[in-house]
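The values are calculated or read from the model by the stated rules, or taken from the named source; none is laboratory data. Because the structure is a prediction, the values reported are computed rather than measured. Heads up, the Cβs are rebuilt from the backbone with ideal geometry, glycines too, and the neighbour counts pull from every protein chain shown. SASA here: full protein model, heavy atoms, side chains in, ligands and nucleic acids out. Shrake-Rupley method; radii C 1.70, N 1.55, O 1.52, S 1.80 Å.
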Amino acid sequence: MASSTTDRAGLLYAFAAFGMWGLLPLYWHLLEATAASEVLAHRMVWSLPTAVLILALVRKWSWIRPLLRQPKRLGLLTLSATLISANWYMFIWAVSQDRVIEASLGYFINPLITIAIGVLLLRERLRPLQWAAVGIGALAVVVMSVAYGQVPWLSLALSVTFAAYGLVKKQTALDGLEGFSADSALQFLPAFGFLVLLAARGDSTFTTEGTGHTLLLVGTGLATALPLIFFGAATVRVPLSTVGLLQYIAPSTMFLLGLLAFGEEMPPERWTGFLLVWTALCLLTWDALRNQHRGRVALRHAAARAAAADPAAAAAVQPSDGTPEPLTTRR
């Protein structure tokens, strides 16, 4: 019963995290009177007090002092903060330019870019279905490039910056809250300086668009932190394979918002590109589930053989939940 309750809570946390990420375009759309650069700066500035408040509530400070004595990790964190800042800016800008569908494509193809990075940089070996998925994803980019007369740079830039962020973040070995707090601390001063400059030039909208607008800008820190907290709570309660599949809630929600709420166009060539990407993702999902099943079967067979040979050794080969890594890293 406890396990079932934990699983249900984990699923609720996952749905909350990916649902909030998927609905973020609605939040940024409410701030359309403010330039993307100013929205980004407020998101960075208000993220730090949000992070400090959460750290105070959970009393989690012990990781900070050791981190400050490790220049290499600080350098990696600076790089990760830069990458996620670029990703945030492009996404906010995409919403302001009515390009939410194009932005959603970037997060759909993120698993394919992550796999490509693994092959090129980490020398990972792919299974046949993974190669097929990457090939279909590349074909989708070619189809859209030919149809539109240009490479879908926004989708690719969003995907590449996010995949690179995940790769760098993995090297820092910080959990979700710690990583968010470290990024926020590194982003704070440049963002605060930019906001001071805007105010001095009379270009700030912080106090000129009404109380509601001001509160929305202040709330960008919470809008950034909450999905991350829910995501972290989900990953410790449900298998990572489940989290990996649920991640597509976010770009699917963005796609529907762009199509139905913002009225963006979907010409045939764009449908063709998306259908190819969705086909590639179906192949990746099928391959992941099949590989997970094979792993469980192999573990059961190993446990059975160990039990037959030496009952005392069987406990050392008991099957785990067999969950593979998620298809992408968290954003």
| said: Rounded to the nearest 20 debye, what is the charge dipole size of segment 1-128 about its Cα centre when +1 sits on each Lys and Arg Cβ and -1 on each Asp and Glu Cβ? | reply: 840 debye
| query | Which value, in debye to the nearest 20, describes the size of the charge dipole of segment 119-267 about its Cα centre when Lys and Arg Cβ atoms bear +1, Asp and Glu Cβ atoms bear -1, and nothing else is charged? | reply | 560 debye
| Taking 0.36 nm per intervening residue step and subtracting the Cα-Cα distance, what contour gain separates E265 from K170 on full extension? | 30.5 nm
| note | For segment 85-168 the translational diffusion coefficient, Stokes-Einstein from a Kirkwood Rh over Cα pairs at 10 °C and viscosity 1.306 mPa s, in µm²/s, is roughly 119 µm²/s
| Rounded to the nearest whole Å², what accessible area per residue is found for the chain with the 1.4 Å probe? | 50 Å²
| Can you give the net charge of the other residues whose Cβ lies under 15 Å from the Cβ of R65, counting K and R as +1 and D and E as -1? | +3
| field | Peptides ranked, highest mean first, by Cβ atoms within 10 Å: ranges 25-31, 123-129 | value | 25-31, 123-129
| Just going by the charge dipole of segment 36-128, with Lys and Arg at +1 and Asp and Glu at -1 on Cβ, which of L55, Y89, P111 is farthest out on the positive end? | L55
| remark: Measuring from its Cα centre, the chain shows a charge dipole (+1 at each Lys and Arg Cβ, -1 at each Asp and Glu Cβ) which, in debye to the nearest 20, is 1300 debye
| Degrees between helix 176-201 axis and first principal axis of the chain (Cα, 0 to 90, nearest 10) | 10 degrees
| said: Out of the total accessible area of segment 113-240 (probe 1.4 Å, heavy atoms of protein only), what percent is carbon and sulfur? | reply: 70 percent
| remark: With the 8 Å Cα cutoff and a minimum separation of six or more residues, segment 66-175 has a relative contact order in percent of 45 percent
| message | Need one number: nm distance between label points at L139 and Q97, each 7 Å from Cα along Cα→Cβ, rounded to one decimal. | response | 2.9 nm
